[in-house]
Amino acid sequence: MKRIPTRTPVASRLGLLAVLCLCASQASARHHGNANSEGGPSGQFDYYLLALSWAPSYCLVHPADRAECGGRGYGFVLHGLWPQFEAGGYPETCASEAKLDEAAAAIGRTLYPSARLMQHEWDTHGTCSGLSATDYFRMADHALAVVKVPPQLEAPRSNQSLSGNQIRAAFVDANPGLVPEVLAVACSRGALSEVRVCLSRDLRPRSCGARVHGTCGAGSVQVPSSR
């Protein structure tokens, strides 16, 4: 899987695990917002949301997911590139004649941490893009190149404690021209879950639409280390 680029064509561990195990699994954090159009026509949406998932948080709760959590030391990984509606919500599982063939899957496997996530993202979100599977995965690859991960969050070897605002500020500092309104930092039960970046249909950073907002609260959250 392609590591999120630095700029190319984005308590103890046991104590933290105890906290995270109280949460509804981050697999549900691999969902977002509320869909308000299922099975509709493909290609009808307003902008994209690029979701970068913090793999160490996910892996503390899902160590059996060997594809993502098999000791590769991931930091941020691609969760998805999601079509969004300006007024809030998003389309999903759209009617599309495009299929995930092997040529497209070969590209997707270089982007996502697991084949299962790749398939899910295509079925749920890619079918709503109006693109072929190959072009959708290429679009996701280009989107990754738009956002530079801050050096302190590339693959840290020790746990960190940061506020959602500090995480967002680090992304703004690492990406000249990026403004806070483009970013939303998501947390789950006191730990970093995702950083989400709003992009136009031609992948230019833009302000997020309705119902896209941070969920980290005002205090510090745990950013577990890469392994």
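The values are calculated or read from the model by the stated rules, or taken from the named source; none is laboratory data. Source: prediction; values computed, not measured. Cβ placement follows ideal geometry from the backbone for every residue including glycine, while neighbour counts extend to all protein chains displayed.
The set of residues from the range 83-102 being in contact with a helix residue (DSSP H, G or I) (Cβ under 9 Å, 6 or more places away or on another chain), surrounded by 13 or more Cβ atoms within 10 Å (Cβ to Cβ) and assigned to a strand (DSSP E or B) comprises PRO83, TYR90, PRO91, GLU92.
Take the range 69-82 and flag every residue that is assigned to a loop (DSSP other than H, G, I, E, B) and out of contact with any strand residue (DSSP E or B) (no Cβ under 8 Å at 6 or more places or on another chain). Correct list: GLY70, GLY71, ARG72, GLY73, TYR74. Please work out if GLY164 is among the small types (Gly, Ala, Ser) and touching a helix residue (DSSP H, G or I) at 6+ places or on another chain (Cβ under 7 Å). The answer is no for GLY164. Inside the range 142-191, can you point out the residues that are surrounded by 15 or more Cβ atoms within 10 Å (Cβ to Cβ) and of a type in the set (Val, Ile, Thr)? Scanning the range 142-191 gives VAL146, VAL147, VAL149, ILE167, VAL172, VAL182, VAL185. In the range 73-95, the residues that are on the phi > 0 side of the Ramachandran plot reach residues that are in a loop (DSSP other than H, G, I, E, B) and of a type in the set (S, T, N, Q) with C-beta atoms within less than 7 angstrom, at least six apart or across chains, in these pairs: GLY73/SER226; GLY89/ASN34. Going by the structure shown, is ARG72 within 25 Å of VAL185 (Cβ to Cβ), at pLDDT below 95, over 16 Å from the mean Cα position of the chain (by Cα) and surrounded by fewer than 18 Cβ atoms within 10 Å (Cβ to Cβ)? Yes: the conditions hold for ARG72.
Evaluating SER129 against the criteria (1) hydroxyl-bearing (Ser, Thr, Tyr); (2) within 17 Å of ARG109 (Cα to Cα); (3) surrounded by 22 or more Cβ atoms within 10 Å (Cβ to Cβ) leaves one unmet condition, (2).
Which residue pairs have Cβ atoms closer than 8 Å, lie 6 or more positions apart in sequence or on different chains, and pair a first residue in the range 205-227 that is at positive phi and at pLDDT below 95 with a second residue that is surrounded by 18 or more Cβ atoms within 10 Å (Cβ to Cβ) and not in a loop (DSSP other than H, G, I, E, B)? Pairs found: GLY217/GLY164; GLY217/CYS187.
Exactly one residue among ARG66, ARG30 is touching a strand residue (DSSP E or B) at 6+ places or on another chain (Cβ under 7 Å), among the basic types (Lys, Arg), at pLDDT below 90 and surrounded by fewer than 22 Cβ atoms within 10 Å (Cβ to Cβ), and that residue is ARG30.
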